[in-house]
Amino acid sequence: MIRTALVIGGGIAGPVAAMALQKAGIDAVVYEAYPSQADGAGGGLTLAPNGLDALDVIGLGDLVRPAGTPTTSIVMQDWKGKRLGEFGNPPGVPPMQFFYRSDLYRVLHEEAGRRGIRIEHGKRLVGAAETADGVTARFDDGTEATGDILIGADGIRSTVRRLIDASAPDPSYTGLISFGARVANPGVPSTEGKMPMSFGKHAFFGYQVLDETSAIWFVNLPHAEPLSAAEARQTPASEWLPLLAAKFAEDRTPAAQLISRTDPADLLIVGSMENMPRVPVWSRGRMVLVGDSAHAPSSSSGQGASLAIESAIVLARCLRDLPCHQALAAYEILRRRRVERVIKETTRKNSSKTAGPVGRVIFALAMTIFTKLAKPEKMAWMFDYRIDWDAPVAPALQAA
């Protein structure tokens, strides 16, 4: 049985996986490539009700919820500010919760530390060697660590994914580069829990005004060539902001105003947005993927972090109940169908963001018609997912 685990990646999925493993009686250590904690870094993300319900399973939900802000619905608009449609969760389903990534990161890392879970920084994985009863990770600082299993929670550009399968797919460029920011003095009325998203003449804009002293916004800007975060940051924030504001100068939305009120120090330059193709191999021997390294939905889905949390907890259940190879097979059976269904339902959005003027008009018309026909209850399956921690995982799942 599995008694020790090496978790590669200290973002969101890594600490959650370590705490779930601890609940399952498995001692886990998290190894993070960056030399220090990422306090204050990163933009925003959304946790869906299913993600928060999953956190409840390992006693994290009530710790996390106070750091979030409800997003009751998404309001789609065209560049004129005309409302195309509004999408909320199905009746009876709690709203999505918006989090600054740094706040969620802080809560998870503090709680992991309180529970006695070790997180080592400056540990960039470069290789791994397996034996019959363990796996040894090698890091670029020359150190090594050995455990019963190695879990790759190292994101969309996962090193573990490549170690498991040398022919594993790489993420693909969506044709968009992304930016985001907090605004301390938005000068725009509260959106009352709603997040308007606008298909502008030249770029896509989303925002939520939390109160008179706080707002967040993001931009998806069509760009012919991919631009890494490092490449994008070669242009200073003080130059990006007027360039971005100019893209929305013709739009009748608050986009240009919110961008112009942004302090350059608060601009998050993300660079290329990427989609992850289907990953055919999730595990090999004593190595397995979890979260974005295995299944990264479009950033437009609002489900990326929630799916990662679900998978981390399901993996811990499987490792609790079954020998290694049976556990990893059961884990994939329990998770692959669901995550690929969510990805299929939510990856159609980015193509509309890169459409030209004619495409945007067609999309606006289609959105209006779709909104009139849509039935939110048909999406309840996405949010109703529950993990029964106490239910044993049966090896018969291998044949399911």
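The values are calculated or read from the model by the stated rules, or taken from the named source; none is laboratory data. Just so it is clear, the model here is predicted, and its values are computed rather than measured. Note that each Cβ is placed from the backbone with ideal geometry, even for glycine, and that neighbours are counted across all protein chains shown.
Listed here are the residues, each with its yes/no results for (1) assigned by TED's automatic domain parsing to the domain that holds Ala316; (2) surrounded by fewer than 17 Cβ atoms within 10 Å (Cβ to Cβ); (3) of a type in the set (A, V, I, L, M); (4) over 20 Å from Ala67 (Cα atoms).
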| residue | (1), (2), (3), (4) |
| --- | --- |
| Thr146 | yes, yes, no, yes |
| Ile149 | yes, no, yes, yes |
| Asp154 | yes, no, no, yes |
| Thr159 | yes, no, no, yes |
| Ser178 | no, no, no, yes |
| Asn185 | no, yes, no, yes |
| Ser190 | no, yes, no, no |
| Phe205 | no, no, no, yes |
| Ala215 | no, no, yes, no |
Next on the checklist: Being assigned by TED's automatic domain parsing to the domain that holds Val30 and either within 16 Å of Ala28 (Cα to Cα) or at pLDDT 95 or above (or both): is that true of Thr131 here?
Outcome noted: no
Checklist entry - Residues in the range 240-256 that are part of a helix (DSSP H, G or I) and either on the phi > 0 side of the Ramachandran plot or more than 28 Å from the chain's Cα centre (by Cα) (or both): how many? => result 2
Next on the checklist: Condition first: in contact with a Ser or Thr (Cβ under 8 Å, 6 or more places away or on another chain) and more than 19 Å from Trp282 (Cα to Cα). Now tell me which residues in the range 129-154 satisfy that.
Outcome noted: Glu144, Ala145, Thr146
